[in-house]
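To keep things clear, I will list the structure first and then write my remarks on it.
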């Protein structure tokens, strides 16, 4: 099981950790939430959190029968933005 938390995120997606032969990753879950749980078989997965068009990613390894938790912190705004 994967427990993913991303405070302030507008979405969290969990995809396969390894791309297929075309370089694509299969999406296992996509939700417009800050926290999600996904039952997954053992293996490597990539958790992607988005906020304001900026994404942050982290790999997570799932061991069968165990819970793997990941916390991501998407930036509040793109680093190229300035405030006056």
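Each value in this text was obtained by applying a stated rule to the coordinates, not by laboratory testing. Quick caveat: nothing in here was measured; it's all calculated off a predicted structure. Ideal geometry is used to build each Cβ from the backbone, glycine not excepted, and the neighbour counts take in all protein chains shown.
Labels on offer are (1) 14.3; (2) 13.3; (3) 12.9, and the one holding Kirkwood radius over Cα pairs in Å computed from this structure is (2). Judged by the mean number of other Cβ atoms found within 10 Å, the most tightly packed of the peptides 2-11, 67-76 leads the ranking 2-11, 67-76.
Taking all Cα pairs closer than 8 Å and separated by 6 or more residues, the relative contact order of the range 2-71 comes to 38 percent.
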